[in-house]
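Data first, discussion second: the structure below is written as structure tokens.
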Amino acid sequence: MSHCKIDFRTMADKRLTIDYKEFASELELEPQDQELAKAAREALKGSYSPYSKFQVGAALRLADGTIVKGANQENAAYPAGLCAERVAMFAASANYPETPFDTLAIVASDNGVPCDEPATPCGNCRQVMAEYQSKYGRPFSIILIGNSKVLKFAKVDDILPFIFDSLKV
């Protein structure tokens with residue numbers, strides 16, 4: 001039985017808008033978000049990226065204030081590696097399974113040089129974020145950090161519109 005209902009009789013142009021905040025630097029963030037940005041930068045040290053030379057660090061603050069870090073992990077048997085965001089989220093879920101996520105900060109460097117533009121999560125990471133947001137029944141924010149600007153999204157829906165959510169089907 002299909003859960004999808006399509007009505008081909010109506011057609012309308014629609015527009016999708018996404019709300020986010022843009023900051024000139026990390027220094028404009030709230031103190032707790034500055035702390036998370038610093039933790040994401042520290043997480044870069046754990047990156048294992050001998051193939052791409054693209055290092056990513058993530059820091060996830062849980063609802064109780066605990067910070068869990070992750071860094072991207074590559075492998076010669078591509079695509080066996082894992083993005084920093086998923087490393088942090090999976091570690092948090094494994095070690096603190098009942099504690100909701102509050103904010104995820106992500107930072108990247110290319111061959112050891114911090115990126116000017118914020119790196120955005122891949123589709124797999126966005127879907128994992130959506131799953132955890134649904135699991136905990138509350139939104140969590142995402143901070144994307146670059147040297148030239150910082151972007152903050154209030155919820156996963158803002159970086160993954162039209163979320164697939166099998167927990168609600």
Qualifying GluC sites (Glu not before Pro) in the stretch 72-164, DSSP loop, other Cβ atoms within 10 Å at most 13: 98
Cα-based shape type of the stretch 23-99, given that a ≥ b ≥ c are square roots of the gyration tensor eigenvalues and the cut on a/c is 1.5: oblate
Most to least packed among 153-160, 26-33 [average Cβ atoms within 10 Å]: 153-160, 26-33
Chymotrypsin sites (Phe, Trp or Tyr not before Pro) lying in DSSP loop within the stretch 1-100, provided at most 12 other Cβ fall within 10 Å: 8, 51
Mean residue ellipticity (222 nm) of the chain, computed from DSSP H runs ≥ 4 via -39,500 (n - 2.57), nearest 500: -7500 deg cm²/dmol
Degrees separating the helix 123-136 axis from the principal Cα axis of the chain, which is the longest one: 70
Given charges at Cβ of Lys, Arg, Asp, Glu: the stretch 1-120 dipole, positive-most of 72, 119, 20: 72
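Treating only the Cβ of Lys, Arg, Asp and Glu as charged (+1, +1, -1, -1), what charge dipole size does the chain show about its Cα centre? Round to the nearest 20 debye.
420
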Stretchable slack from residue 162 to residue 23, in nm (0.36 nm times residue separation minus alpha-carbon distance): 47.4 nm
Rough spin-label spacing in nm, given labels placed 7 Å along Cα→Cβ, for residue 148 and residue 95: 3.5
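Once the Cβ-Cβ distance between residue 80 and residue 15 is put in as r, and R0 is 35 Å, what FRET efficiency do you end up with, to the nearest 0.05?
0.30
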Pairs from 21/53; 53/155; 69/155; 21/69; 14/135; 14/149 whose Cα-Cα separation, in the structure shown, is over 27 Å: 21/53; 53/155; 14/135; 14/149
Three semi-axes of the equivalent ellipsoid, the chain, Cα gyration tensor, whole Å, largest first: 28, 19, 18
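Read the figures in this text as sums done on the coordinates, not as results from a lab. What you are looking at is a predicted structure, and each value in this text was computed from that prediction instead of being measured. With ideal geometry, Cβ positions are generated from the backbone for all residues, glycine too; neighbour counts draw on all protein chains shown.
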